[in-house]
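These notes concern the structure reproduced below.
Every number in this text was worked out from the coordinates using simple rules, so none of it is lab data. Bear in mind that the values here come from a model prediction, so they are computed numbers and not experimental data. Methodologically, a virtual Cβ is constructed for each residue, glycine included, from the backbone with ideal geometry; neighbour enumeration extends over all protein chains shown.
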Amino acid sequence: MMVLIVVIGYPIGEAIVRSLFGDSIGGTPPFVGLSNYVSALSGYHSKEFWASAGTTYFFTAVTVTLETLIGFGMALVMTRAFRGRGLMRASVLVPWAIPTAVTAVLWKWSFDPAGIINAVTGSHIVWTGSEWPSRTAIIIADTWKTSPFIALLILAGLQVIPEEVYEAARIDGAGAWQRFRLITLPLVRPALLVAVLFRLLDALRMYDLPAILTNGSNGTTTLSILVVRATLSQLKPGYGGALSTLTFVFIFVTAFAFVRLLGVNLVERSEK
Amino acid sequence: MRGRRDLQIGIATIGIAVLALSGCSSAKSGSSAGASGDSGVGPITFASGKDLTGAMPQLIAKWNDLHPDQKVTFIELSASPDDQRNSFVQDLQAKSSKYDVLWDDVVWTAEFAAHGWLEPLDPAQVGGSDVLPAAKASATYDGKMYGAPFMTNAGLLYYRSDLVPKPPTTWAELEADCSIAKAHNMDCYAGQFNQYEGLTVNAAEAINDFGGSFLSADGKSVTVDSPQARAGLQQLVDMFKNGSIPPAAITYQESQGADAFTSGKLLFLRNWPYVYTAGSADGSAIKGKFGMTLLPGQNGPGISSLGGIDLGVSAYSKHKTTAKNWVAWMQSPEAQKVLVSVMNQASVLKSLYTDSTLIATSPYLPTLGQQLLTANPRPVTPNYNAVSLAIQKNAYAALKGNVSVDAAITQMAADLKQAIQ
């Protein structure tokens, strides 16, 4: 408990306290109450803030959906017994093993106007030069990187389903779709939900991919980019603290709602 | 089994390395805290960006031989300016004396000075008559010099001398020459138009050239809302619209433009002098086929934004006298000649641009010297980051055609006002 307070409570508390102070250059920062929050939520910077909150949730919704579908598909393939399964499992994990920043640089080169994507498809799209191509590029890169992660978690869930259950169903005359819907899905659900929850938290904090691919231009500024910009680039720890607290609240509320609505039982699982 | 043992050995190795590293750093901070004298004379540390040429230790050794009791220790930071700035800011906020002399990008000087992190310097010592006026201006904040100009930089126009008979001096001439690019199936002109610091530089050049500006000289009021600034931005927007600038250039930073030019796909390029090295290297597609001239302007040569590095003395340094003497020495002709001939960087001393031995290896020096005489510092303000972001964001929207030039400048003025508050 002490450890929790020191490593989690203190930084969060410090950020919240700092966010109540202003950012004057030189001298001690004045106490400004909630005005940093007001400035972000409804003041001059509100347009920027809500736009990047929208962007963040858009990226989260699209990437997590795609990654779950693709990851599930990959897990279903990997769980079957076939020759070279070990190799397959290992190679699928390669994108996940590459650091995100490196992934971002790889995709930046691929999406260059003179890069491999345009060369292979014969198109002349300036990928990082306008809104939707930029967003598409980021979504492709993120999906490429994180689908294996989801696949791995779901695979773990699939492996604990006993083969006898399927056999019994087959004897009872259940088709492939029925077996998937009535056996696989319910039994893999806990693992699936945990995987999605992890991805949800991760995606809401997305920073590296847009920062490197587009530097936040063309409507790809996420909340994390705003926080870094305010705190490090502009040396405004007060305003930056308010932004990071807001981001924290957003993520917390989203995760809480997800757990409540879908009943992810994290505690029970870890006690087992 | 074998694999697992290897893994354990690997982890152990990393552990030892981490211990060794942390041991090193604590030893270092111990020694610098230990020795302190009232005279302000003694060993100092100097932190700079990554030294790609390897010449910096050579330069420092020269000083160390002359001053064995006031040795300079060289600390090499990241190659990325943003990371360098983060290292400095973290230490300065903690009032640490880890770095005595700081490598300040010209756009940081005002910010560091306003925070009280830099020691004011004596203009007689670091602002002599041979130092370029624009470099002095960029090191000055609130009437005082807070840095010794060390390196400077200006953009130049690269052109294909084998295809263009006479290099253009105005935008109109350059656009007329685009027919040559078309005939050879090349792109015509590019600079740095991605949304980052380079766009601030390029937009500032166009706007300054047409007589516009961003902030007043004291940095306290916004001046961008003018017909001149609109005309400057309009020039770039028109070139994107009529194809003089290719659509891909909206993603160009320095290196992409340099690649396009050195691989023979671009007729004109605005860039810093460093592309000369890559362009004249063996194996370059344009070796011996390109020239460098002054930037184009409205009615004659244009105005460059000023780049460069000032050497600042930390307010938390324990040996300020030595630090001040050393930054002055780094500005002496002796040190500056190494800067030009070995590091291939632009000197802050006017006299070196006419030095015939230096011109023999860097033939562009006279042109660069001329461009530097009219170069403009970027807005000098402690809120430079927010100011630059406001310029980039709105210029970018206009270049892409998302908003009209008029609306972009109006919004830029509003954003700048907010940024300098």
When the dipole is taken about the Cα centre of chain A, and only Lys, Arg (+1) and Asp, Glu (-1) are charged at their Cβ, what size is it in debye, to the nearest 20? 300 debye
Pairs from A:Lys47/B:Lys400; A:Lys236/B:Lys71; B:Lys71/B:Lys98; B:Lys289/B:Lys393; A:Lys236/B:Lys98 whose Cα-Cα separation, in the structure shown, is over 25 Å: A:Lys236/B:Lys71; B:Lys289/B:Lys393
Arrange the following residues from fewest to most other Cβ atoms within 10 Å of their Cβ: B:Glu334, B:Glu119, B:Glu111, B:Glu205. B:Glu334, B:Glu119, B:Glu111, B:Glu205
With 20 Å bins from zero, work out the P(r) of the protein assembly as shown over every alpha carbon pair and list the percent per bin. 15, 43, 32, 8, 1
Can you give the FRET efficiency for A:Ser46 and B:Glu76, using 1/(1 + (r/R0)^6), R0 = 41 Å, r = Cβ-Cβ distance, to the nearest 0.05? 0.45
Between B:Thr361 and B:Asp83, 0.36 nm times their residue separation minus their Cα-Cα distance comes to what? 96.8 nm
Given contacts defined as C-alpha pairs under 8 Å and at least six residues apart, what's the relative contact order of chain B, whole-number percent? 25 percent
Give the distance, in whole Å, between the Cα centre of the stretch B:189-225 and the Cα centre of the stretch B:375-391. 8 Å
Positive-end residue of A:Asn218, A:Gly122, A:Ala137, charge dipole of chain A with Cβ unit charges: A:Gly122
Dipole magnitude of chain B about its Cα centre (Cβ charges: Lys, Arg +1; Asp, Glu -1), debye to nearest 20: 700 debye
Once you have the Cα-Cα distance between B:Ala278 and B:Asp51, take 0.36 nm times their residue separation minus that, and quote the gain in nm to one decimal. 79.9 nm
How far is it, in nm, from the label point at B:Lys350 to the one at B:Thr410 when both lie 7 Å from their Cα along the line to the Cβ? 4.4 nm
Cα centroid separation - the stretch A:23-39 against the stretch B:294-366, whole Å: 39 Å
Return B:Phe290, B:Phe88 ranked ascending by Cβ neighbour count within 10 Å, so the fewest neighbours appear first. B:Phe88, B:Phe290
For chain A, the longest principal axis of the Cα atoms and the Cα long axis of helix A:100-110 enclose an angle in degrees, to the nearest 10, of 80 degrees
Send over the semi-axes of the stretch A:51-104's equivalent ellipsoid, whole angstrom and largest first, taken as the square roots of 5 times the C-alpha gyration tensor eigenvalues. 29, 16, 4
By how many nm would the segment from B:Ser263 to B:Asn185 grow when fully extended, if each residue of separation counts as 0.36 nm and the alpha-carbon distance is taken off? 26.8 nm
Taking Cα atoms, how many degrees apart are the long axis of helix B:171-183 and the longest axis of chain B, rounded to 10 and kept between 0 and 90? 80 degrees
Using Cα atoms only, what is the angle between the long axis of helix A:185-204 and the major principal axis of chain A, expressed in degrees (0 to 90) to the nearest 10? 20 degrees
Alpha-carbon radius of gyration plus Dmax, which is the widest Cα pair, for the stretch B:156-293 in Å: 15.6, 50
Quick one: order A:His124, A:His45, B:His319 by neighbouring beta-carbon count within 10 Å, fewest to most. A:His124, A:His45, B:His319
Could you tell me the convex hull volume per residue, in Å³, taken over the Cα atoms of the stretch B:219-347? 194 Å³
Provide Rg and Dmax in Å for the stretch A:2-271, with only Cα atoms included in the calculation. 22.3, 79
